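This report concerns only the one structure given below.
The values are calculated or read from the model by the stated rules, or taken from the named source; none is laboratory data. Quick caveat, the model's predicted, so the values are computed rather than measured. Cβ coordinates were reconstructed from backbone atoms using ideal geometry, including for glycine residues, and neighbour counts include every protein chain displayed.
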Amino acid sequence: MADERQLIERFQQGDQAAAQAIFRLYHPAIHNLVYRMLGGSSEVEDCVQEVFLRAFRGLKGFRGESSLKTWLYRIATNTCLNVLDKAKRQGPTDSLDAGAFEEGLVTLGDTLASSERGPEARVMGAELDEAIQAALSKLAPEFRTALVLRDVEGMSYEEVASATGVALGTVKSRIARARSQAVRWLKDYLN
């Protein structure tokens, strides 16, 4: 993407407006990915900030071997996996907002009710979003990562492989297993 290359070059030359443009362009997608990976925990905002801090530190040496989006997703995925690993080592903690519904985020299959629907449809959409997030939270981090990148973010299998640093066959296997498990947990909503 020519615009992407120009933004990167401008950033590498010290243009702060380019940094702001990169942030504005990719923040919604990165925020959504982090939200889905961390299950809506209170650490989402901190993790998103950490992703962009790491990205801006590393962008000076970015060689363009992948798209900027894929590179940012890899940073976000690794950052989320670090947070999940740290939380696992520290043991379970309850979060008051763990199942909180957050409007405006893309969900699996774009299933959230839009504001143009009636109140009943919005409640059903919120309920389904909570069920989807609960199902995602039950998945092992490597399966959740693959499923979120593919089905929520719409990345190709090749992009998911690049973003996660995992072989294409492994990505396909993880996505298939994650879908199978998620369908079992969401069976009451899939009628």
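Checking SER180 against (1) modelled with pLDDT under 60; (2) of a type in the set (Ser, Thr, Tyr); (3) more than 18 Å from ALA29 (Cβ to Cβ), only one condition comes out false. Which one?
Going through the list (1) modelled with pLDDT under 60; (2) of a type in the set (Ser, Thr, Tyr); (3) more than 18 Å from ALA29 (Cβ to Cβ), SER180 breaks only (1).
Quick one: which of ALA113, ALA161, ALA134, ALA98 is within 17 Å of the chain's Cα centre (by Cα) and at pLDDT below 60? Reasoning before the result, please.
On the way: ALA113 fails: within 17 Å of the chain's Cα centre (by Cα); ALA161 fails: at pLDDT below 60; ALA134 fails: at pLDDT below 60.
Answer to the selection: ALA98.
Is the range 41-52 home to any residue that is of a type outside the set (Ser, Thr, Tyr) and in contact with a Cys (Cβ under 8 Å, 6 or more places away or on another chain)? Step through it out loud before you land on a result.
So the first thing to find is which residues in the range 41-52 are of a type outside the set (Ser, Thr, Tyr), and the list is 43-52.
Narrowing the set further to residues that are in contact with a Cys (Cβ under 8 Å, 6 or more places away or on another chain) leaves 47.
Yes, because at least one residue in the range 41-52 is of a type outside the set (Ser, Thr, Tyr) and in contact with a Cys (Cβ under 8 Å, 6 or more places away or on another chain).
Residue check: is ARG24 surrounded by fewer than 18 Cβ atoms within 10 Å (Cβ to Cβ) and more than 20 Å from the chain's Cα centre (by Cα)?
Working: surrounded by fewer than 18 Cβ atoms within 10 Å (Cβ to Cβ): yes; more than 20 Å from the chain's Cα centre (by Cα): no.
Spelling it out, it is not the case that ARG24 is surrounded by fewer than 18 Cβ atoms within 10 Å (Cβ to Cβ) and more than 20 Å from the chain's Cα centre (by Cα).
Just to be sure, is LEU105 modelled with pLDDT under 60 and at negative phi? Please lay out each step first, then the result.
Values: modelled with pLDDT under 60: yes; at negative phi: yes.
Against the criterion (modelled with pLDDT under 60 and at negative phi), LEU105 qualifies.
Are any residues in the range 170-191 surrounded by 15 or more Cβ atoms within 10 Å (Cβ to Cβ) and either of a type in the set (Ser, Thr, Tyr) or part of a helix (DSSP H, G or I) (or both), and if so, which ones?
If we filter the range 170-191 for residues that are surrounded by 15 or more Cβ atoms within 10 Å (Cβ to Cβ), which is where we start, we get 171-172, 174-175, 177-179, 181-182, 185-186.
Of everything in the range 170-191, those that are surrounded by 15 or more Cβ atoms within 10 Å (Cβ to Cβ) and either of a type in the set (Ser, Thr, Tyr) or part of a helix (DSSP H, G or I) (or both) turn out to be VAL171, LYS172, ARG174, ILE175, ARG177, ALA178, ARG179, GLN181, ALA182, TRP185.
Regarding the range 142-153, can at least one residue be identified that is farther than 17 Å from ASN32 by Cβ and either polar (S, T, N, Q) or exposed (fewer than 15 other Cβ atoms within 10 Å of the Cβ) (or both)?
Our first condition is that a residue be farther than 17 Å from ASN32 by Cβ; within the range 142-153, this holds for 142-143.
Now narrow it down to the ones that are either polar (S, T, N, Q) or exposed (fewer than 15 other Cβ atoms within 10 Å of the Cβ) (or both): none.
Scanning the range 142-153 turns up no residue that is farther than 17 Å from ASN32 by Cβ and either polar (S, T, N, Q) or exposed (fewer than 15 other Cβ atoms within 10 Å of the Cβ) (or both).
What number of residues within the range 1-27 are among the polar types (S, T, N, Q) and outside any helix (DSSP H, G or I)? Write out each step before concluding.
Of the range 1-27, the ones among the polar types (S, T, N, Q) are 6, 12-13, 16, 20.
Filter once more, keeping what is outside any helix (DSSP H, G or I): 13.
Going through the range 1-27 one residue at a time, the tally reaches 1.
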